[in-house]
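Working notes, beginning with the structure itself.
No lab work stands behind these numbers, since they all come straight from the coordinates. None of these values were measured; they are calculated from a predicted model. Positions of Cβ are generated from backbone atoms using ideal geometry, with glycine treated the same way; all protein chains shown enter the neighbour counts.
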Amino acid sequence: MKNEHGVSLTESLLVISLVGIIVILLANLPNAFGLITKSKHISLAREIAAKQIEDKRAISFANLTNDNSQIADSRMSLLPDSFGTVLVEDCLPQICANGENIKQITATINWQDNAKMQTISLKTFIGEGGINQ
Amino acid sequence: MSQKGQIILILILVMAVALAIGLSIVQKSLVDVSTASKVEQSSRAFSAAEAGIEKALQESTTTIHSYPDFSIDNSSKVQEIIDTGLLPCIPGTTDCGRTNDRQAILEKPPLNNLSTKTSVTQVWLADFDTYTNPPPVFYTQSSLDVYWGEVSSAEKPAIEIKIVYYVGGAYLVKPFFLDSNGSRAAAGNFINASSVNSADVTSDCDTHSVNTTSGTNRQFYCKSTLKSLPADLMLLRARLLYSSTSPFAVAATGAGDCTGSPNYSGCYLKPQDRIIVSTGVSGETQRRVKIYQESKVTPPFFDYALFSAGAINK
């Protein structure tokens, strides 16, 4: 019987395509890890922003003063190069046309992921005699 | 002996395993990112919904408002606010309708025995907006309908209703102890709510499906009509016993000539509660917040304060 040497065309094509897929996948693997980290940061930033809003709701309306203060949450250190602010201002006249006693609260958190700036912003109203007041 | 090549098979096997691992990591990262962004959208929608509630709470309660949708910022907006105005409305008044009809049945948030805040509920029978002592009377009929009890509850409910009234310069209490379990009622000296027809109470527990301020076809296990009520009614207090939770509603009985006229004073309960439902939207995510606002709620220990011989110091 004759000995068959070499590899058939189908086998070669199969292996080449398999190797190609794996190379593409492994090349994108660091990206995938980066995405997992990014989604963790997004969740954390959202939690911090939501907590800031709840903290403002716990303050009675009379003691809410218009200002733009920095967020002081210990979890901010878990976000790389993070910086957050809570802005308290009067409700915009276009929305509160009847001069209602409502303050607009905006919690914004910025951080860096892969040298790219990420932002999360939550905005709500707090009114006199409203939720938690 | 010639050795055939096996290394390529081994390599392919290894690469297939690496492929599987790599694919699962990529899939996890995609799912993570998708979930994180959906949760973020959900938070924005919730904040928008709360903003809608705050706006509605600032509006006067005398009329029902229709709010146009408005944007909070570039990514979220308040899509809809439904504000019932004060309930139950007085038939024949603006936006109330119900002319020639009884006042709507006022349904309170469910009684919950496990929560201190909602273990007792109250309904104002007097005019709570006028700050006199005693407050002026508002409802002057001698009977009142009470709907209570969860239909499919394993533990049959009992309820303690106290009618607070004012006579001779003092606040007095007329209690009604109702039990849907007949044998337990007899043992505890309660009124058998499942079947009674006396001068003081008519009651049955034949499951009632009625329309209330909270919606249509609301189910209640028992309906009890409290009769022979004294004059100068002030307040109704209800406390749930035995069951852990129960819906609760009260209706003016509108006896006699009490239908359809807003000038027929004494026939209706003063509008006192308000339901606001606000829907916030961000991207494809919607969140809805509902609040139930009550007027001048007395604390859960109020009944004990009434019975106390001396001052209650907390």
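List of remarks:
- Only the Cβ atoms of Lys and Arg (+1) and of Asp and Glu (-1) were treated as charged; on that basis the dipole of chain A about its Cα centre amounts to roughly 280 debye.
- Cα gyration tensor shape for chain B, rounded if a/c is under 1.5, else prolate or oblate: prolate
- Cross-link table B:K270/B:K290; B:K174/B:K290; A:K116/B:K290; A:K51/B:K55; B:K55/B:K108, entries beyond 27 Å C-alpha to C-alpha: B:K174/B:K290; A:K116/B:K290
- Charge dipole of chain B about the Cα centre (unit charges at C-beta), most positive-ward option of B:A49, B:M234, B:L9: B:L9
- Residue-span extension gain [B:N113 to B:Y304] - 0.36 nm each, minus C-alpha spacing: 67.0 nm
- With a Förster radius of 30 Å applied to the beta-carbon distance between B:T225 and B:R184, the computed FRET efficiency rounds to 0.90.
- Average Cα contact separation per residue, segment B:1-148, under 8 Å, 6 or more apart, as relative contact order %: 11
- Bins of 10 Å, starting at 0 and running to the largest distance - Cα pair percent for segment B:1-58: 19, 19, 17, 15, 12, 8, 6, 3, 1, 0
- Alpha-carbon gyration tensor eigenvalues x 5, square-rooted, for segment B:1-148, Å: 65, 21, 14
- Between the residues B:I163, B:G92, B:T140, the greatest Cα displacement towards the positive end of the dipole of segment B:82-166, with unit charges on the Cβ of Lys, Arg, Asp and Glu, is found for B:I163.
- Mean ellipticity per residue at 222 nm, deg cm²/dmol - from DSSP H runs of n ≥ 4 across chain B, formula -39500 (n - 2.57): -7000 deg cm²/dmol
- With R₀ fixed at 35 Å, the C-beta to C-beta distance from A:V19 to A:K40 puts the FRET efficiency at about 0.60.
- Dipole magnitude for segment B:1-151: computed about the Cα centre from +1 point charges on Lys and Arg Cβ and -1 point charges on Asp and Glu Cβ, it is near 940 debye.
- Square roots of 5 times each gyration tensor eigenvalue, C-alpha, segment A:1-83, largest first, Å: 60, 10, 8
- Shape call, segment B:168-235: gyration tensor on alpha carbons, a/c limit 1.5: oblate
- Our note on the geometry: Cα centres of segment B:13-69 and segment B:171-235, 45 Å apart.
- Degrees separating the helix B:7-58 axis from the principal Cα axis of chain B, which is the longest one: 30
- In plain terms, the bigger the Kirkwood radius, the slower the diffusion; for segment B:121-256, with that radius from Cα pairs, at 10 °C and 1.306 mPa s, Stokes-Einstein puts D at 103 µm²/s.
- Euclidean distance of C-alpha centroids, segment A:11-70 and segment B:109-170, integer Å: 51
- Spatially proximal aspartates and glutamates relative to B:K227 (Cα-Cα < 19 Å; intrachain offsets below 8 disregarded): B:D145, B:E160, B:D179, B:D200, B:D204, B:D257
- Test item: Cα-centred dipole of the protein assembly as shown, Lys/Arg +1 and Asp/Glu -1 on Cβ, debye: 940
- Cα-based shape type of the protein assembly as shown, given that a ≥ b ≥ c are square roots of the gyration tensor eigenvalues and the cut on a/c is 1.5: prolate
- Computed from Cα positions, the angle between helix A:9-58 and the longest principal axis of chain A comes to roughly 10 degrees.
- Taken over segment A:30-120, the alpha-carbon convex hull comes to 105 cubic angstrom per residue.
- For chain B, the share of DSSP beta bridges that are antiparallel, to the nearest 5, is 95%.
- 3J(HN,Hα) from dihedral phi, segment B:278-292, Karplus parametrisation 6.51/-1.76/1.60, rounded to Hz, x for glycine, proline: 10, 10, x, 10, 9, x, 9, 9, 10, 10, 10, 10, 10, 10, 10
- Taken over the Cα atoms of segment B:60-135, the convex hull encloses 185 Å³ per residue.
- Highest-fluctuation residue, A:R46, A:R75, A:R57 considered, GNM on chain A with Cα pairs under 10 Å: A:R75
- Among A:G84, A:G34, A:G99: highest mean-square fluctuation, GNM of chain A, C-alpha pairs under 10 Å: A:G99
- Only Cα pairs under 8 Å and 6+ residues apart enter the sum, and on that basis the relative contact order of chain A stands at 22 percent.
- Residue among B:L172, B:L125, B:L87 with the largest mean-square fluctuation in a Gaussian network model of chain B, springs linking Cα atoms under 10 Å: B:L172
- Within 10 Å of the Cβ of each residue in B:43-52, the mean number of Cβ atoms contributed by other protein chains is 6.
- Scanning residues 5 or more positions from B:F248 or on other chains, those with amide H under 5 Å from its amide H are B:K108, B:L111, with H placed 1.01 Å from N in the peptide plane.
- Relative contact order, whole percent, for chain B stands at 27, derived from Cα pairs under 8 Å and 6 or more residues apart.
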